[in-house]
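For reference, the structure discussed in these notes is given below.
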Amino acid sequence: MKKQNLDEVWFCLIEDDHLTDYQHRYNLLNRALKAYRKMRPVTKVCGDKNTCFVELTEDSETKAFSDLVKKGQFRHLPANTRSYVIESGIYASSIVHNLVNEHRYKHSLSVAQLACQLAQCHGLDSYKAYLIGIYHDIAKGMSEAELTSWMMIEKPYELAYPSPVWHQYVGAYYLKHVMSMRDEAMLKAIRHHCLGDDDSLYSKIIFIADKLDPSRGYDSSKEIQLAEKDLDKAFKLVHQQQAEYLQKEK
């Protein structure tokens, strides 16, 4: 602006089927430019003799930057951008795929699809339910030592729980404090998905979807049909089945 004595700088995005959804890119750009009074995104530019056009294309540096986001490395992003990326789910599949193993990734996709299905049956936000399902095991890729470290920060008084449960607490904490997720309903559902000790609707849905996940290899079709009709009855039944299973495993 100083070198060319410009009044303003406008950023106009191109529409391209191969790029992330136009509206998402526009929203992200808008957040990035909020701190700059004379820079703004526009949807269309009508030029005249006083308008200077410069085409910006992705180079290796900017590609590497976006690749870090897709791998779940958010440290270089401002909080408002992190929040948008994680809650809009534009890179959700890539992020989870990079943070957990293949088996856990397939489980997460399957749980997300079932959660979406149940949310539709009960008039809830199906995309939100899908994202909760995608993210619910995001801490499963951490070692027990890493989980222990996070638990000592977030839930030291619940270290007495069996270690397979810890990832629900760590996952919610990680999503909130590292990835800037702000949606309390999503965070709560992830925080309680193992034990099912919360009775909010999204928490019930993710608890049921996690336990009845068809990719687990047993026939849960009857329980899923019940969950589609009556969420409360299915929630109680799944709780009962889990208690019976744990009793047998002792």
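Taken together, the values in this text are just the output of simple stated rules run on the coordinates, not laboratory data. All values derive from a computational prediction rather than experimental measurement. Please note: Cβ atoms are built from the backbone with ideal geometry, for glycine as well, and neighbour counts cover all protein chains shown.
Please work out the C-alpha center-to-center distance from the range 140-208 to the range 71-124 and express it in whole Å.
15
Looking at the square roots a ≥ b ≥ c of the eigenvalues of the Cα gyration tensor of the chain, which shape do they give, rounded for a/c under 1.5, prolate if a/b is larger than b/c, or oblate?
Because a/c hits 1.5 or more and a/b exceeds b/c, the chain counts as prolate.
Cα axis of helix 166-177 to longest principal axis of the chain: angle in degrees, 0 to 90, nearest 10?
Roughly 20 degrees between the two axes.
Sort 81, 148, 43 by Cβ crowding within 10 Å, fewest neighbours at the top.
Listed from fewest to most nearby Cβ atoms, that is 43, 148, 81.
Once both axes come from the Cα atoms, what is the angle between helix 60-70 and the longest principal axis of the chain, in degrees from 0 to 90, rounded to 10?
That helix lies at roughly 30 degrees to the long axis.
Compare the peptides 120-127, 25-32 by average per-residue count of other Cβ atoms within 10 angstrom and give them in order, highest first.
Values: 120-127: 14.4, 25-32: 16.9.
In descending order of packing, they fall as 25-32, 120-127.
Using packing as a proxy for protection, rank 226-238, 131-143, 62-74 so that the peptide with the highest average count of other Cβ atoms within 10 Å comes first. Before the final figure, lay out each step's value.
Details: 226-238: 17.0, 131-143: 23.2, 62-74: 14.0.
Order by mean packing, descending: 131-143, 226-238, 62-74.
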